[in-house]
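The values are calculated or read from the model by the stated rules, or taken from the named source; none is laboratory data. Nothing here was measured: the structure is a model prediction, and the numbers come from that model. Neighbour counts run over all protein chains shown; Cβ positions are idealised from the backbone, glycine included. Remember, those area values only see protein heavy atoms, side chains included, never the ligands or the DNA or RNA. Shrake-Rupley method; radii C 1.70, N 1.55, O 1.52, S 1.80 Å.
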Amino acid sequence: MKRIFLFVLTNIAVIAVMSIVLSVLGVDRFLTAQGLNVGSLLVFSLVVGFTGAIFSLLISKPMAKWSTGATVIEHPQNETERWLLDTVRRLADRAGIGMPEVAVYEGEPNAFATGAFRNEALVAVSTGLLMNMTRDEVEAVLGHEVAHIANGDMVTMTLIQGVTNTFVVFLSRIVGYVVDRALSRNEESTGGVGYMVTVIVCQIVFGLLASMIVAWFSRQREFRADAGAAQLMGNRQPMINALHRLSTLHEASLPQSVAAMGINHSTGFFELFSTHPPLAERIAALQRG
């Protein structure tokens, strides 16, 4: 529940901060005495909608390392680290992507992939995952993360987030303008209290709806990554076994910056905001082939 709230709040906060910054800089020139300049509003909305999403993508790798305390394996210190590097390299070659950085972090069972570019990504696994899963199961999880990278999921999610943010900003101000016109007695006034309050309320409401859309795309992405792992391994059973194993383990809580990229993320009560489908649904999808 807490992470779902943070997921939604983050999306709304990004839009709000960008709107305020650009307003202070005087970029919001779309509201004039002659009415609403739709062209200027669209440009403003695109800047607000995409700037935060693209910036988050570009800093995703260093932020993931910092927030999880992950240590990149540069020179393997033991047999497990050598196996991890060899396995990821083999999976990356099969997927046709560049060798990602491989990292390990302290924590309960989980793993994630992130990075702005498919040939310069990061795959990280927790110590809990390594201790509680068999080699085949860990390889399946690694295959799942490599499939995310090969599918370009990080970029796709950024574009979807940018588009939905753009619509939130654009429609909020359209509705705000209509309400402002309806409440204003002075035809020359623009940007009154009715406009500002309506924009704030609409950004919250539309932001919630946008978060549902982004979460839905994220859930579909997980099904594709599961299938991608099965294809990379030439066998779907290890991925099924890995998901079964995850269902018996205590779920790890990843930092919000990488929670959506984890191998598992609790659905909680509000499934519409969940970035991951229930494990049972993912297992059933793999079993159906």
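Below, the figures for the structure above:
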quantity: The listed residue being out of contact with any Pro (no Cβ under 8 Å at 6 or more places or on another chain), among the β-branched types (Val, Ile, Thr) and either at pLDDT below 85 or open to solvent by 40 Å² or more (accessible area, probe 1.4 Å) (or both), out of Val102, Val27; calculated: Val27
quantity: In the stretch 38-72, residue most open to solvent (accessible area, probe 1.4 Å) [restricted to those that are closer than 30 Å to Ser126 by Cβ and hydroxyl-bearing (Ser, Thr, Tyr)]; calculated: Thr71
quantity: Residue match in the stretch 106-117 (condition: touching a Phe, Trp or Tyr at 6+ places or on another chain (Cβ under 9 Å), on the phi < 0 side of the Ramachandran plot and either touching a residue at least 12 places away in the same chain (Cβ under 8 Å) or open to solvent by 40 Å² or more (accessible area, probe 1.4 Å) (or both)); calculated: no
quantity: Cross-chain or 6+ apart pairs with Cβ under 9 Å, the stretch 43-71 first and under 16 Å from Ile149 (Cα atoms) and in contact (Cβ under 8 Å) with a residue 24 or more places away in the chain, then open to solvent by 50 Å² or more (accessible area, probe 1.4 Å) and of a type in the set (Gly, Ala, Ser); calculated: Ser60/Ser257; Ala64/Ser257
quantity: Per-region count, the stretch 131-150, residues open to solvent by 10 Å² or more (accessible area, probe 1.4 Å), within 15 Å of Pro238 (Cα to Cα) and either outside any helix (DSSP H, G or I) or of a type in the set (A, V, I, L, M) (or both); calculated: 2
